[in-house]
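Colleague: What follows is a single structure, and I will ask about it in a moment.
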Amino acid sequence: MIAALALLLVLAAAEPTGTLTFACEGTVARSKPSPGNTYPEFGKQEPVSMTIVLNFTTGKVEIAGFSAVAPIDIIFSTETSVSLGNYDGNGNPTGGFAAMLNRLTGEMEANDTVIDANGLYSTTHYSLKCKPT
């Protein structure tokens with residue numbers, strides 16, 4: 001019992017608080033264009049940069065200029081990684097977002113999926129290198 005309480009105290013102490021802001025640069029590639037969008041060739045990588053704010057107090061993530069299913073949640077975090085995501089699972093899903101940020105290397109892989117009314121989807125893949133600001 002005492003060991004379990006000690007473990008809980010260690011885990012609680014390791015949980016970050018406040019906010020962390022990252023400047024990220026890398027590439028974005030879309031799997032296929034969605035109707036009405038003017039995406040470049042699917043699969044073609046393009047440069048991208050974005051600012052990501054992790055708010056550990058609210059458990060939410062802000063990505064400036066990003067159009068993923070909102071809000072994006074902090075799913076879990078450790079000293080070495082942060083898992084981000086959201087899924088619009090209201091019975092008629094319109095998409096989802098999933099990402100993993102390596103806090104040691106700054107590498108982040110993310111996928112943003114959009115599902116249209118016909119069930120067709122497009123996925124946008126981000127491969128980023130992030131630095132705390």
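The values are calculated or read from the model by the stated rules, or taken from the named source; none is laboratory data. All values derive from a computational prediction rather than experimental measurement. Every residue, glycine as well, gets a Cβ built from its backbone with ideal geometry; the counts of neighbours run over all protein chains shown.
Colleague: Could you please find all residues in the stretch 97-113 being at pLDDT below 90 and buried (at least 20 other Cβ atoms within 10 Å of the Cβ)?
Modeller: 97, 112, 113
Colleague: Assess whether residue 25 counts as being touching a Leu at 6+ places or on another chain (Cβ under 7 Å), surrounded by 12 or more Cβ atoms within 10 Å (Cβ to Cβ) and modelled with pLDDT of 90 or more.
Modeller: Working: touching a Leu at 6+ places or on another chain (Cβ under 7 Å): yes; surrounded by 12 or more Cβ atoms within 10 Å (Cβ to Cβ): yes; modelled with pLDDT of 90 or more: yes.
Against the criterion (touching a Leu at 6+ places or on another chain (Cβ under 7 Å), surrounded by 12 or more Cβ atoms within 10 Å (Cβ to Cβ) and modelled with pLDDT of 90 or more), residue 25 qualifies.
Colleague: Return only the number of the condition from (1) at pLDDT below 90; (2) in contact with a Phe, Trp or Tyr (Cβ under 6 Å, 6 or more places away or on another chain) that residue 52 does not satisfy.
Modeller: (1)
Colleague: Please go through the stretch 66-90 and give me each residue that is of a type in the set (S, T, N, Q) and at pLDDT below 65, ordered by number.
Modeller: Going residue by residue through the stretch 66-90, those that are of a type in the set (S, T, N, Q) are 67, 77-78, 80-81, 83, 86, 90.
Scanning the stretch 66-90 gives 67, 90.
Colleague: If you don't mind, another one. Can you tell me which condition residue 93 does not meet? The list is (1) of a type outside the set (S, T, N, Q); (2) within 12 Å of the chain's Cα centre (by Cα); (3) at pLDDT below 70, and all the others hold.
Modeller: So the condition that residue 93 fails would be (2).
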